[in-house]
Amino acid sequence: MLVSDNSHIVYEYNIEKQHLEKTELVNKNYLGPRENVAKEDKPDYEAIAIKGDSLYLIGSGSAANRNLIGHINAKDKTLYPHIDAADLYLAMQSFSEIAPEDFNIEAVVNDGDTWYFLNRGNGPGRKNGIFTLTGSMNDTSFQILYNPVKLPKIKGVPASFTDACLADGKLYFTAAAEDTASTYQDGKVAGTLLGRMNLDKMKVEKTLVISEANKFEGITLFKENEKEIEFLLCEDTDSNATDSAIYKLSIKK
């Protein structure tokens, strides 16, 4: 399952058949473009989270028109009304004392009734951090905790969260180094690192630079065994290209 920040589409790619299916996040009365939406108008869906049969597509909150959460049934693709997260995002900003220009949700991970929202520190204040929310996504009723997270630099450029997933009882995340101090404007890419976090202690245990050229903005668990974990990574090239490469990354536990 994939989502694009400049479309109103959920993509489902069958790896074996190399077949792509699309589910629209807008109803038939919507008159605007479904894909390749202009930057100033795009919904900026940056994260996917699933609980039961519910699949949630989470807007970044980095602008006033990016506060919506799409909601579909993962099995039969029924489209539910969008969830307005504006009040939730304001509460998160107030609780964490993160200014609007530093607020940019790039990853959401579900673990039962607990949700982890990762803020990307690519704004002027470099506010990488994790919100731990307990409650219901459908009515955005949560108890909120916040932990700031310090990440290393790549070639002198600060890294910031781009996505995360659970594996082997840990939170694995990608963080890209992009030479910009804006949650809106792209910058020159210095690479991406993979990190592992202990969620009980909210501490980064280790990081590994996996590229000095690619900006990976998606990660999901693919396979794991006693010795090895395999992830799938999705790249954002910050270009007008209509295709995207999916990479496989294998690491030892």
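Can you tell me the equivalent ellipsoid semi-axes for region 38-92? Use √(5λ) from the Cα gyration tensor, largest first, whole Å. Display every interim value, and only then the final one.
Numbers: eigenvalues 86, 33, 16 Å².
In descending order the semi-axes read 21, 13, 9 Å.
Can you tell me which aspartates and glutamates have their Cα less than 14 Å from the Cα of LYS227? Leave out same-chain residues fewer than eight positions away.
Within the straight-line limit of under 14 Å, LYS227 reaches these aspartates and glutamates: ASP168.
Express the accessible area of the chain per residue in Å², computed with a 1.4 Å probe while the remaining protein chains stay in the model.
Accessible surface, normalised per residue, equals 51 Å².
Which values of log₁₀ I(q)/I(0), to two decimal places, follow from the Debye formula for region 125-247 at q = 0.10, 0.18 Å⁻¹ with a uniform point scatterer at every Cα?
Relative scattering, expressed as log10 I(q)/I(0), comes to -0.34, -1.06.
Which number comes out as Rg/Rh for region 74-195 once both Rg and the Kirkwood Rh are worked out on C-alpha atoms?
Numbers: Rg = 15.1 Å, Rh = 15.3 Å.
Rg/Rh for region 74-195 comes to 0.99.
Roughly what would the spin-label model give for ASN138 and HIS19, points 7 Å off Cα along C-beta, in nm?
Taking the simple label geometry, ASN138 and HIS19 are separated by 3.1 nm.
Which net charge results when you count Lys and Arg as +1 and Asp and Glu as -1 among the other residues whose beta-carbon is under 10 Å from that of THR140?
Details: positive: none; negative: ASP84, ASP87, ASP139.
Net charge around THR140: -3.
Just grab the label-to-label distance for VAL26 and GLU230, each label 7 Å out from Cα along the Cβ direction, in nm (one decimal).
Distance between the two pseudo-spin positions: 3.8 nm.
Sorted by mean Cβ packing within 10 Å, highest first, what order do the peptides 223-232, 149-158, 85-94 take?
Peptide ranking by packing, descending: 85-94, 149-158, 223-232.
Could you give the Stokes-Einstein D for region 1-110 in µm² per second, using the C-alpha Kirkwood radius, 10 °C, 1.306 mPa s? Please report the intermediate quantities before stating the final value.
Details: Rh = 14.6 Å.
Answer from the Stokes-Einstein relation: 109 µm²/s.
For GLU205 and LYS188, compute 0.36 nm times the residue count separating them, minus their Cα-Cα distance, and round to one decimal in nm.
Details: separation 17, 0.36 × 17 = 6.12 nm, distance 2.74 nm.
Here the answer is 3.4 nm.
Students often get this wrong, so check it: of LYS22/LYS248; LYS39/LYS75; LYS203/LYS252, which have C-alpha atoms separated by over 27 Å?
Check vs 27 Å cut-off fails for LYS39/LYS75.
Heavy-atom accessible area of LEU145 with all protein chains present, probe 1.4 Å, nearest 10 Å²?
Per-residue accessible area (LEU145): approximately 110 Å².
What percentages make up the Cα-Cα pair-distance distribution of region 68-114 when the bins are 5 Å wide from 0?
All Cα pairs considered, the percentages come to 5, 15, 19, 25, 19, 9, 6, 2.
What does the accessible area of TYR13 come to, in Å² to the nearest 10, when a probe of 1.4 Å is used?
90 Å²
Using alpha carbons only, how many angstrom separate the centre of region 37-56 from the centre of region 94-126?
Centre-to-centre distance over Cα atoms comes out at 15 Å.
Taking only C-alpha pairs under 8 Å that are 6+ residues apart, what is the relative contact order of region 1-118 in percent?
Numbers: 219 pairs, mean separation 22.8, N = 118.
Relative contact order for region 1-118 comes out at 19 percent.
Find, to one decimal place in angstroms, the Kirkwood hydrodynamic radius of the chain, where the mean of 1/r is taken over every pair of different Cα atoms and then inverted. Don't jump to the answer; show the numbers that get you there.
Numbers: mean 1/r = 0.0544 Å⁻¹.
Every distinct Cα pair counted, the radius reaches 18.4 Å.
Leaving ligands, DNA and RNA out of it, report the carbon-plus-sulfur percent of the accessible area of the chain at a 1.4 Å probe.
Numbers: 5970 of 12790 Å².
Solvent-exposed carbon and sulfur of the chain make up 47 percent of the total.
The values are calculated or read from the model by the stated rules, or taken from the named source; none is laboratory data. In this text the structure is predicted, and so the values were computed from the model without any measurement. Cβ atoms come from the backbone with ideal geometry, glycine included; neighbour counts cover every protein chain shown. These area figures cover heavy atoms from the full protein model, side chains too; ligands, DNA and RNA do not enter into them. Shrake-Rupley method; radii C 1.70, N 1.55, O 1.52, S 1.80 Å.
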